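The values are calculated or read from the model by the stated rules, or taken from the named source; none is laboratory data. Fair warning: this is a prediction, and the values are worked out from it, not measured in the lab. Cβ coordinates were reconstructed from backbone atoms using ideal geometry, including for glycine residues, and neighbour counts include every protein chain displayed.
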């Protein structure tokens, strides 16, 4: 009977089509049915079930290596998101399966009066060593599958069944806490959405800005009322004076008003002309022209002092033009900073040659800056 089952299993494993058909049939079954197939035989199709040790068992999983391979493929599909699998439950189940392949050291007892022959002892040791290697191989294969699951670090440090169950409970408690936090956050967002749906709701920052604008609007409204009242008073006063002049046109009073009007008109024309003149001058004279005029004036002063005091000591000449030198130094600094700003502007635009030209001129005028040095070096 065993030989028939063995031949059937070997025939199955050697036929890729049968293997693929079996894998397709177990693609959607529960993970525990893969790990403990004997306890979940109803999850498998009848054609794959055989009676083993008094209960139904899927015969392809009589080859434990094939079973471990199917479990690994299922976990890999779960990691990719193709199937649903809770990593904590899967890790705990695989922990039990891995434990079944742990290599145990057995102490052999010596029986008095009975000696095992050396040849038979060597055969037994060789057979035990082969079994231990196979168990270790399967133990490591399951460990590799467990490493693919994303579980807390303290679960991976568990060494006993009690520790793995305790860590599983802890992981579920943490997940439940995270879930409760997400539920509270979701509830807060739902409440906020309800508030936003109200036509009278205003977000707190916008509400503060709106209140500020409303206060400014109220202030402007009061000022507008005051100005309107003033305009009404002025209009009524002008109307009163006009009526007074028209009804009682006193010759002396009219002449006085005409003279005052003419004087005011002349002053107004003069102010307008002066304003136009100043505006034109401001348009014609830029900062560069003003600076040029100032520098020319300072240079003339310095040249005049030098020519007039050609026989004096240099200290006396410098002392006499000390203020002009100070103005030149300040103008030199202002010009250097302006050239620096222009150079940085050209650098940001990508015109490196123009930037270096302006920055070199700025450095010669005393502008020292790390950016200037880095740009000129590159």
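For the stretch 364-377, residues that are outside any helix (DSSP H, G or I), surrounded by fewer than 13 Cβ atoms within 10 Å (Cβ to Cβ) and in contact with a helix residue (DSSP H, G or I) (Cβ under 8 Å, 6 or more places away or on another chain) total 1. Of the helices (runs of 4 or more DSSP H) lying entirely inside the stretch 1-79, those containing at least 1 residues that are exposed (fewer than 13 other Cβ atoms within 10 Å of the Cβ), over 48 Å from the mean Cα position of the chain (by Cα) and assigned by TED's automatic domain parsing to the domain that holds residue 100 are 2-13, 16-25.
Can you say whether residue 324 is modelled with pLDDT of 70 or more and within 51 Å of the chain's Cα centre (by Cα), as far as the supplied structure shows?
Numbers: modelled with pLDDT of 70 or more: yes; within 51 Å of the chain's Cα centre (by Cα): no.
Spelling it out, it is not the case that residue 324 is modelled with pLDDT of 70 or more and within 51 Å of the chain's Cα centre (by Cα).
Scan the stretch 339-356 and tell me whether some residue there is in a helix (DSSP H, G or I), over 40 Å from the mean Cα position of the chain (by Cα), surrounded by 16 or more Cβ atoms within 10 Å (Cβ to Cβ) and modelled with pLDDT of 80 or more. Looking through the stretch 339-356, none of the residues is in a helix (DSSP H, G or I), over 40 Å from the mean Cα position of the chain (by Cα), surrounded by 16 or more Cβ atoms within 10 Å (Cβ to Cβ) and modelled with pLDDT of 80 or more.
Among the residues of the stretch 130-188, those that are in contact (Cβ under 8 Å) with a residue 12 or more places away in the chain and not in a helix (DSSP H, G or I) comprise 148, 149, 150, 151, 152, 158.
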